[in-house]
Amino acid sequence: MKLFSRSLRNPIRSTHLSVALLAAGLSLAPVAQAQKMSPVDPVRKAEGSTAPTNAQDRSSAYYHYGLAHLYEQMAVSAGRQDYATQAIEEYKLALNADPNSTELQNGLAKLYFSLGRVQDAVSAAKDQVKRNPDDVDAHTLLGQVYLRSLGDMQGPGSQQALAQAIQEYETIARLKPNDIEPRLLLGELYTASHDSAKAEAEFKEAQKIDSDSEEVVLSMAKLYTDEGDLQHAVAVLSAVPEGDRSAREEFALGQSYDRMKKSKEAAAAYKRSLDQEPDNPEVEMALASALMESDHLDDALKMYQTLQAADPSDLRAGLQIAEIQRRQGHYDQSLATLEKMKPQIQPGSNEELQWGVDEALNYDAMGKYDQATALLTKLVDSTTKADGKYSEQEKSNRAYFLNRLGIIYREENKTAETVAAYRKMVELGGDCDTASEDNDDAHPCYAESGYDGVVEAYREAHMWKEATAAAAEAAKAEPKNHSIQLLYAQQLADGGQVEQGLTLAKAQLGDAKDDIEVHENLAQMYTRLKRYSDAVAEIDKTDALAKKPNEKMYAAFLRGDLAEHQKKHDEAESYLRKALEIDPKSAMVLNYLGYIMADNGVKLPEAQKFIQQAIALDPQNGAYLDSLGWVYFKQGRYTEAEEQLRKANERLATDPTVHDHLGEVYEKTGNLKMAVAQWERSMSEYAHSLPADADPEDVAKVQHKLESARVKLAKVGPAGK
């Protein structure tokens, strides 16, 4: 442009200057006003002399400020460094004319910051703070600089920037006591520095300024959620009347309920969010997931199908559709859904891994173990690295594949293959010194899960020496891991070395953080040893330490288990119902409660419902299939009972109870030979069981049934069933 081909020190000679300034969104009004106030022509002054340094010349300051702002706009739009340099020079000339101008000082500092000259920006802002300690703009700029530095730094530098940012926003909050934004930002900074008490205080101050602020409510809820205090997060969000809650607040409420495993409440909150802001895919996906978790599978299926139709490239919906179909027992449909998705799957993607797992689970559910193990083995092999070095996500994936592979081998009663799969999981290691289910910052201890799988495989095969040796190996390899030491302690006690096992378990009480885990394990050990008063004492300690819902649920479960061992069936049912109120999705509790009711022949329809819910959560669990077969037997539904008990028998071939139950079915249906065979097998398995697992009363009952059946069989002769 010809306008800038001449000296920029005399741009007012061109009539195009006002047009250029107006195009940049500026006005010459301040300059014109200053010219009216000043007897000196600023253009002549700029041309013929140097601006005085000790006197304020606002006319010249306005003039250079206008040019600085123009060049700044042009530098941004054109991306030219020469314009940026000229803008800085004009700011300096303006400050030379009016050195005490707060607006000019802050303007130059902000310009430095926008140009990425952070140190110059900090220096300029700090100089201004020295001149005027209560200059909010200067403190705000410093706060912004330190905030940006947080994203660029790591380690000690990041912590220093965080502390500096907090200091600046503390000052800003003091200078602007009625401004909500500094309070919210300060609360976030305190949260980042792990000072939750100060963060909470700032959010509450912000709430005093604006009690209806959506941002305040969401910030407080997030603070409590990050601390694991989900009850408090829900309380904050629920305190807003339902009719006044925004879509974002309802969504946050749904997420809190989701984490609390209250799927029904989560679904209701997501629905209210969608009512306000329809066609939000993120909320729709969350609602579909909540419906799925609350067992409203048909409704969830419709939502996922709608989402898939709206965006066929989003594979998440398709994978969920296949899972629902599998959970509904429509295995062929599930496989067909997966097959339809196959062309969209990118090799090596997470979707490919999930796709392979889902297909394997279908084959497992159909009893096609060879296909299932082949798929999982392929997934393990495809993710194997020669150097054995894996990222945390890669370790997590491999651990899942290996665990599922181990489960299927256990279902096939292939002990050697099961052990081999879990030993590969041991090789993944993990943060075994600090790993804990309650420590989200610690990496999982895959070795712990692997050793647990190895020991359990040997236990199910009644290979007690091998189980104890594996537990001892684990304890030696991971001496600081309390869970592994407790695994060994349990194995010692079960193997007859009771005092050694109890001593090892009690030795883990040195770390207060893990006390509740130790007391839980001691309670189980004492219950199995029939030392019931000691078990009560340990459960009481567990109850006292329980703070989180899962801890309170397990304490109630332990009381129910203890009562059942004492043959106090009504009391056991009461405690298990209490545990179920805390966690309605616990398959373990659902099955145990349903089985107790079925075994005692009471509330059979409700017992069936509980057990079927457990199976929906863990479809191939042999113990749950046995429970379902047993409740069918109690209802006189012998054909259905036989079907489920056969499945359970395939998966739990060494469980004497399963053989006993199947024997009962065969006797009822007149097949005495088969009944005798099952009761003989039950007695054989009892003979190889641990004392804690072979209740003398149960053994005596099976022995009596076996002898009676043999007598009946002898009477009917070789031709009888």
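The values are calculated or read from the model by the stated rules, or taken from the named source; none is laboratory data. All figures in this text were calculated on a predicted structure; none of them were measured in a lab. Here Cβ is always computed from backbone atoms with ideal geometry, including for glycine, and neighbour counts include all displayed protein chains.
Filter the range 505-530 down to the residues that are farther than 15 Å from P691 by Cα and without any contact (Cβ under 8 Å) to a residue 24 or more places away in the chain and list them by number.
A505, K506, A507, L509, G510, A512, L522
Going through the range 426-474 one residue at a time, which ones are at pLDDT 90 or above, assigned to a loop (DSSP other than H, G, I, E, B) and not hydrophobic (A, V, I, L, M, F, W, C)?
Scanning the range 426-474 gives E427, H462.
Filter the range 627-660 down to the residues that are closer than 19 Å to M683 by Cβ and of a type in the set (D, E, K, R) and list them by number.
D655, D660
Going through the range 141-168 one residue at a time, which ones are modelled with pLDDT of 80 or more and closer than 22 Å to L111 by Cβ?
Listed by number, the residues that qualify are Q164, A165, E168.
Filter the range 240-266 down to the residues that are touching a residue at least 12 places away in the same chain (Cβ under 8 Å), more than 24 Å from M292 (Cα to Cα) and not charged (D, E, K, R) and list them by number.
Those that are touching a residue at least 12 places away in the same chain (Cβ under 8 Å), more than 24 Å from M292 (Cα to Cα) and not charged (D, E, K, R): V240, S246.
Name every residue in the range 250-286 that is polar (S, T, N, Q) and part of a helix (DSSP H, G or I), in order of residue number.
Matches in the range 250-286: Q255, S256, S263, S273, Q276.
Please enumerate the residues belonging to the range 287-328 that are small (G, A, S), over 18 Å from K264 (Cβ atoms) and not in a helix (DSSP H, G or I).
Once the filter is applied, which keeps residues that are small (G, A, S), over 18 Å from K264 (Cβ atoms) and not in a helix (DSSP H, G or I), the range 287-328 yields only S313.
Taking interchain pairs and intrachain pairs at least six residues apart, which have beta carbon atoms under 6 angstrom, with the first residue in the range 388-404 and of a type in the set (A, V, I, L, M, F, W, C) and surrounded by fewer than 16 Cβ atoms within 10 Å (Cβ to Cβ) and the second modelled with pLDDT under 95 and part of a helix (DSSP H, G or I)?
none
Report those helices (runs of 4 or more DSSP H) wholly inside the range 155-211 carrying at least 3 residues which are β-branched (V, I, T).
156-175
Check whether at least one residue in the range 329-338 is of a type in the set (D, E, K, R) and within 26 Å of the chain's Cα centre (by Cα), and report yes or no.
no
Write out, first by first residue and then by second, each pair whose Cβ atoms fall under 6 Å of each other, whose residues are 6+ apart or on separate chains, and whose first residue, in the range 555-580, is in a helix (DSSP H, G or I) while the second is among the charged types (D, E, K, R).
A555/D543; A556/K578; A563/E571; A572/E564; Y575/R559
When you check D534 against the structure, is it out of contact with any Asp or Glu (no Cβ under 7 Å at 6 or more places or on another chain), farther than 28 Å from K262 by Cα, of a type in the set (D, E) and at pLDDT below 95, yes or no?
no
Does the range 516-552 hold any residues that are under 30 Å from the mean Cα position of the chain (by Cα), polar (S, T, N, Q) and surrounded by fewer than 19 Cβ atoms within 10 Å (Cβ to Cβ), and which are they?
N550
Just the residues that are modelled with pLDDT under 75 and over 51 Å from the mean Cα position of the chain (by Cα), please, taken from the range 77-95.
Y91, A94, L95
Looking at E664, E685, E680, which one is in contact (Cβ under 8 Å) with a residue 60 or more places away in the chain and either surrounded by 16 or more Cβ atoms within 10 Å (Cβ to Cβ) or under 22 Å from L652 (Cα atoms) (or both)?
Just one listed residue meets the conditions, E685.
List pairs: first in the range 475-487 and under 16 Å from V454 (Cβ atoms) and assigned to a loop (DSSP other than H, G, I, E, B), second at pLDDT below 90 and of a type outside the set (S, T, N, Q), Cβ under 6 Å, 6+ apart or cross-chain?
Within 6 Å, the pairs are E478/C432; N481/C432.
Give the residues of the range 344-382 that are surrounded by fewer than 17 Cβ atoms within 10 Å (Cβ to Cβ), outside any helix (DSSP H, G or I) and at pLDDT below 90, sorted by residue number.
Q346, P347, G348, S349, M366, G367
Return the residues of the range 332-385 that are closer than 27 Å to Q308 by Cα and of a type in the set (F, W, Y); say none if nothing qualifies.
Selection gives W355, Y363.
Considering the range 360-414 alone, what residues qualify as being under 19 Å from G453 (Cβ atoms), among the hydroxyl-bearing types (S, T, Y) and within 28 Å of the chain's Cα centre (by Cα)?
Matches in the range 360-414: T377, T383, T384, Y390, S396, Y400.
Among E707, E664, E685, which is the only one that is modelled with pLDDT of 95 or more and part of a helix (DSSP H, G or I)?
E664
Among the residues in the range 627-646, are any within 39 Å of the chain's Cα centre (by Cα) and of a type in the set (K, R)?
Yes: the range 627-646 contains one or more residues that are within 39 Å of the chain's Cα centre (by Cα) and of a type in the set (K, R).
Taking V240 and the conditions (1) part of a helix (DSSP H, G or I); (2) surrounded by fewer than 19 Cβ atoms within 10 Å (Cβ to Cβ), which numbered condition does it fall short on, given that it satisfies the others?
(1)
Can you name the condition, by its number, that G622 falls short on among (1) at pLDDT below 95; (2) surrounded by fewer than 19 Cβ atoms within 10 Å (Cβ to Cβ); (3) of a type outside the set (A, V, I, L, M, F, W, C)?
The single condition G622 does not satisfy is (2).
Return the only residue of A653, A700 being out of contact with any strand residue (DSSP E or B) (no Cβ under 6 Å at 6 or more places or on another chain), under 24 Å from Y369 (Cα atoms) and surrounded by fewer than 22 Cβ atoms within 10 Å (Cβ to Cβ).
Sole residue among the options that is out of contact with any strand residue (DSSP E or B) (no Cβ under 6 Å at 6 or more places or on another chain), under 24 Å from Y369 (Cα atoms) and surrounded by fewer than 22 Cβ atoms within 10 Å (Cβ to Cβ): A653.
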